[in-house]
Each structure stands twice: as structure tokens, then as C-alpha cells.
Amino acid sequence: MNLLASLATGPLPIAIAVLLVLSTLAAALPNARVNPRGLSLALAALASAAILTLGIAVLAPGATVTAGLGEVLGFPLVRVCYDGLAALFLIALGAGGLASSVYAIGSSARDRGSDRTAPAYPVFIGSLALVFGASDAFAFLLAWELMALSSAALVLGARPSGDTARAAYLYFTLTHLATAALVVAFAILVSAAGTTSFEAFGAAAADLSPAARSVVFVLLLVGFGTKAGAIPFHVWLPRAHPVAPSHVSALMSGVMIKAGIYGLVRFGLEILGPGPEWWGLAVLALGAVSAVLGVLYALMEHDLKRLLAFHSIENIGIILLGVGVAMLAAGAGQEGGAVSGIARIALVAALFHTLNHALFKSVLFLAAGSVQRAVGSRDLNQLGGLARTMPVTAVAFAVGAAAISGLPPLNGFASEWLTFQGLIGAGGAASLSLVARSATLIAVGALGLTTALAVVCFVKATGMGFLARPRSAAAAAANETPRAMGAAMAGLALACVAIGIAAGPVSGAIGTVATTVLGQPAVAATGPGIASALGTSVPGLEAAYGALPLAVLISLLGLVGWGAAVRGRRVRREPTWTCGVAPEPAFQYTATSYAKLIRLYFGPVLRPAREVRVELHPGTPFPRTVRYRGEISHLIDERIYRPLHGATVRAAELIRRVQSGSLQLYLAYSVTALVVLLLVARR
Amino acid sequence: MTDPTLDARIILGVAQVVLTLLVAPLLLGITKRVKARLQYRRGPDLLQPYRDLRKWWAKESVESDVAGPVSRAVPVVVLAATLAATLYIPIVAAWAPLDGWGDLVLVVGLMALARFALALGALDAGGAFGGMGSSREVAISTLVEPALLLALAGAAVAAGSTDLGTIAAHGAEAGTAWYTPALLLAAAAFAIVAVAETGHEPVDNPDTHLELTMIHEGMLLEATGPRLAMLTYAAELKVVVVIGLFAAAFLPAGVATALTPLALAVAIGAALGKLVLAAVILGLLDATLAKLRILALPGLLATASIVAAIGLATRLWLPA
């Protein structure tokens, strides 16, 4: 540990910076004898490994790492400072970046064409590392913008099509609106603190009037909520994530949107401190709506990557549920006791789920990329049977699917278990208001609905993608992906299993971070299970989840069952029963038909519409062709963004009337403005 | 409630496991017998489910020629997950065999694991009926799970813990004070979804062999031999899991909270009584109710969520 600590304070940050700069330069090299993209990606992989090490080193001893790179015009240009909270996000970035880079080495081996956006990839990783480490507003916004610009370039990709360009443009616009909100929030804090350093923000925020604090909070919620992709700020996400190359989608979905969570926890919870009840209620509501609508829209998709993008919204929602409960509980009482324990558990749940989502969402996006590469399509209705031809991808996808569905003993269950503990605990906490308690208990139902819907969606995605007969010739001819890609996916899948089993110690480590963020005294860690690792002295939460015993139990039962019922048993293989007709792929359920009941059950929200066109053989009642087209409506897009867009265009047309193009008129405007200003300033 | 010694815990655990494993097929026998009697049939022998399992276990497996390893692994995973779930439920005494290592959220999670595996396995053979059963099962579960968790959350709030042993002990020791209006509403909600979760009328007909109406049976259509035995046994055990959850949270009377011979005898009797009563009620439902249209199910099952929510509101907003 001492070695790690000395590495962290000394050479690691510098090594990361140097590796990323070299990687950017390598990507810009002309295509010579060496493959510049491969070199660049290898350097990015090394840098990510260093970021991962740095994160673990900072988290393990609970140390803080500070490094500076000089000042420009009196502003500290880049001053990074990693504490425990930042370290968690660094670990997510390091793991996601390492896997994505290794994966990209494999996937770019075939495609040697030049890609002008390749240098943006290391910049993207570096800017994320800076966002998590920035310790003043100037550096933070600089890194934030760099992150937005580099990721927009990556979404645009090497050969942009119309769709891609539109998605990148929408992303670009919305992310800047979000940044504008952040700039205003920071401006208020900076003017109160008299400095751009975050260290002074906490005290400054405490001195603000309650109204000003709430304005700052709302601005932060809009700004960070947009980056996180929480509904209703999500419209860019399902458009931008699917069109990016898969290793970029993995990083954007797995890590970048977490920058929004990081910001909300860092500024909303740590710096602004406990606020009025409605802050927590607002975050809880955003979380519940994002979780339920996110997974419902995911279910309606049969484009594998769009489906995964909507699941990012869902998981951001689950994370926000944890953050919301933490805010409610932290605001209800500082004097310790039950509520402070609930605040801690809920925050651990949010941060743990953040880390877990980075792992399983990355593996899912990478597997989706492998499928797209092998089949040339990511439409689930064109896939099928890939488990035979692409076993590594299939197993990695299945593990990711089980983890994201919150199935024990994988990592997704552990963090959702903690979220449930936080919600139910808050529901029973006498010191919270009845409104807050009712809200958290309603959220229990919302989270239950979300997890059940997630199971449906991932049975659908795994089953349609990888099982039974191929639904197209391309799917039948698919081949397994190169080894580097497989290794990246396998590594992430293993991490999902390992962290699921080690949920106790991992959540214990996160618990230390949570106590710091919440400003609570540290708790001794004892005994097995997650809750015990966080201290069982919390009234109302006397439950435990022992991940290791469960994993051992399930493995043992599984081994016994396999040995008794499968191994060495006679098996006869026969055609599937299809009522006596020769089976063919068209008999299989499709992704669309699998989700039909959900479409009807949740019709009031999804409002499905369908169009069936039947063309008959002339003169007979027998159909020659049947065409089916179905769609659902996205409420937020249609009720909020479409009117908003229309209003903006109409406003622009009104303003255009002032723009006549005549120089005299413009001079008249200037003179009028000057006179008005002088009149105003005279007083 | 005093914690028993380790030896006592082990004996208690083994006793519950043996009881659970042995009684599960009998419950199906009782349900079938009750249904048959109400239809003026004699019905199969009470022990017929055991004979079915033995018969299937000895047979060879026939699998689809498009099936892969998933079809082989799924029955094992489904049975392992369901079996594991029973170990976290206090059925006889307030200490489940794995008491302290998992709570009601884990039991719901293990049920989800079993459902995920079962629904996935049904898609492996590439037939239409597997997809039909699978998509119906998971769609219905989305209506069931919120109600299940809301109902259990009510009991957890009342007991101050999500640990099932704590809830059961709390309830058993509180006596009649446990059965507040809020708890009864939660119990009603749970009872509605328990019928759906165990696959009985009016949600699913366990005896149907008409392909178009099958839900659970549709998913087992391609399973044969030992695999069918494992999946059927898992379904029988699931009834024990669901009723066990219900009993621990909403009907804890009789659960042993001390390890005296008398308390244990009463507890074993009470546990058997609750399970048999549930099996009889399921048989009554099967015989007297028609299957609801699958599109009408949200009307029934969403009601359960609303009842559970009203139960929670009662608990919070009405002074006791």
C-alpha cells in the first residue's frame, strides 16, 4: 500500500498526462508502416491502466493526491486534486477506458483507414480524468468543455452520415445549454466565495440566502442532470450514444454520463450541504421517472445500441434514487442516529451503482459492437443464434445482462439491494416528514417495476440476439471477434462477477467515501455482508446481504445439479415442436413481438400505434404480403421538446423582423440603446 | 427472542430444508385433488407428483436440434435459485437456515434470477410456444413485482427491518397487535399477486395443454426427462417460497421464537397447516375461476399495487 501511495503522489499523474499526450500525437500521425491508431490506442490503454491504479491507490489509504501544472494569467491552469469520491470515478474511468481501448485495438486492426477524430479519444479520457480531479471552477469548466467537445467529435466519427451529424449536433447543443446552467451556478458561488477554488465554495454556499442556494441547486440539477441523461433532460442520449463507435459508446454510457452524477454529489451534496426537503424530493422524482420511463423505452427498441442507451437513462435513474434518499436523510438531521445511517447507505448505493453500471454497461456496449461488426446489423430482429458462432461475446453479453437486471449474486444486485435498503429505511424513519417517507416508499414500487422491466428487456435482448435460429443470412454467417475484443469483454464480465461477490468489502470502502462526503464521523467496519460492513448499529436497517455465501451456495447447488441431471446423461436431439410443420426462423418470437404485452400493458404511457397492410392474391382471400409498422410515442419529446422547438423557431422569426439588413436602421438601434442606457445610468 | 446456539441452528436448518423439500410436491397433489373433487372427478393420487418426478428423472432428455448449452444449464440454475430462496425464508422458526445472510429483497432477487433463466431457456429452442410463454411470464411479472415489494415494504417498515426472520419474530411476538389495517391491506395485495406468481387461475392454468393459452407450461414445452423434473420441482418449490414469504410477513402466528420442544412442535404444525391451506385455496381458485384475458390482467394485478400503496399510506398517515 505504501508503494501505491508513493506512486500516486509522485509519478502516476505525470505518467497519465504524458501517455495521453503521446497517444493524441500518435493518433494524428500519418498512416505509415506502423498503425498509428493501434499505437495511439495502446498508449490510451496504458494511460487508463495508470488511471485505474491511481484511483485504487487514492481510495485504499484514503489519501488525497494533488498535482499542479502551473498558472496562466493568475488562474491555476490545471490543478488536480483526487480524494476518495474522485477516486471512485477514476476507477470507473480506468476500468472502462482500459477495456474500451483494448477492444478498439482489436476492432481497428481490420479498418486501417484514416480517422480524423481518432485524436479526440485520448483527449476524451484525459478530460474525464480532469473533470474528476479539478479543484477549482475554472479548471472544472475547462475540462468539462473539453469533454463535451472531444466526445461530440467522437460521436461524429470518421465518416458522418446525416443521422450521425444530427445526433452530434443535438448533443452539442444540449450539452452547451447544460454548461451554461453550470456557468451561472458557479458564477454565483464564485462571487460569494471571492475565489474560484472549490475549497472556499462550501463556506460561501452556507452564507448564501436560502433562495440563492436553491437557485444554485436548480441550476446544478439542470446542468448535471443533462449530462447524466436524466429524464426530462435526456433527449440527446438515445440519439448520440448509438451512433458513436462502440468503444466510445461504452465510455460515454459507462463513464461520461457519470460526470453528471459526480457533479451532483460533489456540488449538490458535499459543497451545498443539506438543503430543504424539496431538493431531495426533486432528485428522487427525477430518479423514479428516469428509471421507469428509461427501461420502458428501452423495451420498445430493437436496435441493440439504442436499447442499451435507454438503459443508461434507467440506471442513472436508479443512481438518482440513491442520491435523492441521501439528500432527504442528510437534510433531516445531522445529529447522527438512524437518518444519518440511511443517508450513508443510500449514498453508498448510488456510488456503488455508478461503479457497477460503468462495468456492465461497458461490457454490453462492447458486445453490441462485436455483434454489429460480425453481422453488420444491430437490429435484434435480424440477429439470433449467435451463441454458437460467437461464444465469447454471447457469454460476456449474458453476464452483463444478468448484472444490469439486478440478479444475485452479480454486482448490479448488490447496489440495488443497498438502494432498496435506503428507500425502505427512509420510509420507516420517524424523523423524516410524512411526505418524504411516502415518496421513498412509492419509489420502492418504482424500483421494483424497473428491475422487473429490466429483466424483460434483457431476456429479450439476450434471447433474440444470441439464442435459437439466426433470423438473417448475415447472422448465420457471423464469426467470433478478434482476441483483443474478446479479452476486453471477458475482463469486464469477470469484474462484474468479482465485484458482485466482493460486494461487502467494496461497499465498505465506498462507505468511507460516503461518510466523508456527508461529513459524518467514520464508522467501524465489522462482520460479513454489506450492511454489516457499514456498521449494523443503524436502527431500521438490521438486514444483511452476504454475497459470498450466496455465490458459494448457488455454485454448489449448480454443480450438484449439473452433475446429477446433465453430465453423462443421454440426450436425443430432435426438431423443435411446431405443430407438425417444419420449423423455420420466422416461427420465432421477434424482439417486437416479445415486447408486445408490455406495449399493451403500459399503453397509456407508450401510446403505441400500428399500421398493418395486407395485400391479397388477386381474386382470393389469401394474403400475398403483410407489412407491419409499429411505433410508440415518446411523451417528453412530444410534449416538451417539440413545443419548445416550435416556440424557439417562432421567436427567431419574430426577432428576424428587426434584422432588416439596413445599416441606417442598425445605427438607429445603437443610438436608441445608448440613449436608454444613459437614461438608466443617470439615476 | 434469544439467539439459539450454533448446534441448534444447524438442526433447525436441516429440519426446515427437509420439510420444505419433501412437502413441495405434496402441495401440488393437494391442489390437484381439491380441483378434481370440485369438478366431480376423483383426481390423481396425492403422491402422483412424486411419481412424476421419479419417472422423468429416469428418462432420457430430448432436446431441440437448435438448442445450445443454455437449455442444459437453465433447469439447473432455476432449481438452484429457487432452492436457495427457500433457505432465506423462516418457515418453521424465526431463524431461516441462512438467517442473517439475506433478506426479503434477496428472496425477490433470487426469484427474479429463476425467472430470468427460465424465460431465457424458453427462447433457446426457437419455437413459437416458448417465446409465447416466456414473453407472457415476464410481462406479468412486471405487474407482480411492484406489488410484491410494496406489500413486503409495509411489513418491513412495521418491523424496522427487511430481514425476514426479524419480521416474523416481531410479528409472532406482537400477537394480534401485528395485524393492523395497514398490514391486512398489504396482505391482501400480496395474496393477489401470489396467485399470479405461483401460476394459478385466474392468471394461468397449470393444467392446460392448449398451446395458445399456456404461460408457465409454454416455457416447459421443450423440456424433457431430468430437465422437466427439475423445472417442475422448481415450480413446486416456488409455491413454498411465495407462501413462505406471505406467512413470514403477514401470518407469522405460530412461528417459533424460542427453541422449546413445544414451540417447535407448534411451529412445524403451523407451517404445514399454512402450506396445506394455501394449496387448498389454490385448488379452489383453479376450480372456481375462469382464466382472465391476458390483456385484462393489469386490471387485477395493478389493483394489488394500489392496495399495497393504500396500505402504506394507512401505515404512515393514520395515527395508530
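The values are calculated or read from the model by the stated rules, or taken from the named source; none is laboratory data. Source: prediction; values computed, not measured. Reconstructed Cβ throughout: ideal geometry from the backbone, glycine too, with neighbour counts over all protein chains shown. Areas reflect the complete protein model, heavy atoms only, side chains present, ligands, DNA and RNA absent. Shrake-Rupley method; radii C 1.70, N 1.55, O 1.52, S 1.80 Å.
A few comments on the model shown:
- For the stretch A:187-199, the criterion of a residue being β-branched (V, I, T), within 24 Å of A:H311 (Cβ to Cβ), touching a helix residue (DSSP H, G or I) at 6+ places or on another chain (Cβ under 9 Å) and touching a residue at least 24 places away in the same chain (Cβ under 8 Å) is satisfied by no position.
- Any helices (runs of 4 or more DSSP H) falling wholly within the stretch A:237-338 and containing at least 2 residues that are open to solvent by 10 Å² or more (accessible area, probe 1.4 Å), hydrophobic (A, V, I, L, M, F, W, C) and touching a helix residue (DSSP H, G or I) at 6+ places or on another chain (Cβ under 8 Å): A:277-299, A:304-332
- Of the strands (runs of 3 or more DSSP E) contained entirely in the stretch A:540-638, those carrying at least 1 residues that are among the polar types (S, T, N, Q) fall at A:623-631.
- Criterion applied to A:A349, A:A374 was being in contact with a helix residue (DSSP H, G or I) (Cβ under 9 Å, 6 or more places away or on another chain), away from chain B (no Cβ under 14 Å) and not polar (S, T, N, Q), and the one residue passing it is A:A374.
- Screening B:L120 with (1) surrounded by 24 or more Cβ atoms within 10 Å (Cβ to Cβ); (2) out of contact with any Ser or Thr (no Cβ under 9 Å at 6 or more places or on another chain) gives one miss only, at (2).
- Condition check for B:A80: free of Cβ contacts under 8 Å to residues at least 40 places away in the same chain, hydrophobic (A, V, I, L, M, F, W, C) and within 9 Å of chain A (Cβ to nearest Cβ): yes
- Filtering the stretch A:17-37 to residues that are modelled with pLDDT under 85 and under 27 Å from the mean Cα position of the chain (by Cα) leaves A:A17, A:A27, A:R37.
- Flag for B:A234 being out of contact with any helix residue (DSSP H, G or I) (no Cβ under 7 Å at 6 or more places or on another chain) and of a type outside the set (V, I, T): no
- Restricting the stretch A:153-164 to residues that are free of Cβ contacts under 8 Å to residues at least 60 places away in the same chain and within 22 Å of the chain's Cα centre (by Cα) leaves a set whose member that is surrounded by the most Cβ atoms within 10 Å (Cβ to Cβ) is A:L156.
- Considering the stretch A:568-589, and only residues there that are out of contact with any strand residue (DSSP E or B) (no Cβ under 9 Å at 6 or more places or on another chain) and surrounded by 21 or more Cβ atoms within 10 Å (Cβ to Cβ), the residue that is nearest to the other protein chains (Cβ to nearest Cβ) turns out to be A:Y589.
- Members of the stretch B:47-70 found to be within 11 Å of another protein chain (Cβ to nearest Cβ) and open to solvent by less than 20 Å² (accessible area, probe 1.4 Å), listed by number: B:S61, B:E63, B:S64, B:V66, B:A67, B:G68
- Scan of the stretch B:181-191 for residues that are more than 12 Å from B:A308 (Cβ to Cβ) and within 14 Å of chain A (Cβ to nearest Cβ), ordered by number: none
Residues are listed down the side, and each one gets a yes or a no for (1) in contact with a Lys or Arg (Cβ under 9 Å, 6 or more places away or on another chain); (2) in a loop (DSSP other than H, G, I, E, B); (3) closer than 20 Å to B:V195 by Cβ; (4) of a type in the set (S, T, Y):
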| site | (1), (2), (3), (4) |
| --- | --- |
| B:D3 | yes, yes, no, no |
| B:V18 | no, no, no, no |
| B:L28 | no, no, yes, no |
| B:D45 | yes, yes, no, no |
| B:Y50 | no, no, no, yes |
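- Residues satisfying the criterion are present in the stretch A:71-82 (criterion: buried (at least 23 other Cβ atoms within 10 Å of the Cβ), at pLDDT 85 or above and of a type outside the set (D, E)).
- Scanning the stretch B:83-101 for residues that are at the interface with another protein chain (Cβ under 8 Å from one of its Cβ atoms) and at negative phi turns up B:L83, B:A84, B:L87, B:L98, B:W101.
- Among the residues listed as B:L148, B:L113, the single one being within 8 Å of chain A (Cβ to nearest Cβ), under 30 Å from B:I215 (Cβ atoms), touching a residue at least 12 places away in the same chain (Cβ under 8 Å) and open to solvent by 10 Å² or more (accessible area, probe 1.4 Å): B:L113
- Residue in the stretch A:408-467 that is surrounded by the most Cβ atoms within 10 Å (Cβ to Cβ), counting only those that are outside any helix (DSSP H, G or I) and more than 7 Å from every other protein chain (Cβ to nearest Cβ): A:L410
- Residues of the stretch A:590-609 that are away from chain B (no Cβ under 14 Å) and within 27 Å of A:A468 (Cα to Cα): none at all.
- Answer residue from the stretch B:129-145, given it is β-branched (V, I, T) and more than 7 Å from chain A (Cβ to nearest Cβ) and is nearest to B:V193 (Cα to Cα) among those: B:V144
- Candidate set from the stretch A:198-236 (those that are among the polar types (S, T, N, Q) and surrounded by fewer than 17 Cβ atoms within 10 Å (Cβ to Cβ)); member that is farthest from A:I257 (Cα to Cα): A:S209
- Of all the listed residues (B:A169, B:A247, B:A194, B:A223), the sole one being within 14 Å of chain A (Cβ to nearest Cβ) and within 29 Å of B:W101 (Cα to Cα) is B:A169.
- Members of the stretch B:151-163 found to be closer than 22 Å to B:A304 by Cβ, open to solvent by 10 Å² or more (accessible area, probe 1.4 Å) and facing chain A (nearest Cβ under 7 Å), listed by number: B:V157
- Number of positions in the stretch A:550-567 that are surrounded by fewer than 18 Cβ atoms within 10 Å (Cβ to Cβ), among the hydrophobic types (A, V, I, L, M, F, W, C) and more than 7 Å from chain B (Cβ to nearest Cβ): 5
- The set of residues in the stretch B:294-308 that are within 11 Å of chain A (Cβ to nearest Cβ) and either basic (K, R) or surrounded by fewer than 17 Cβ atoms within 10 Å (Cβ to Cβ) (or both) comprises B:L295, B:A296, B:G299, B:A302, B:I306.
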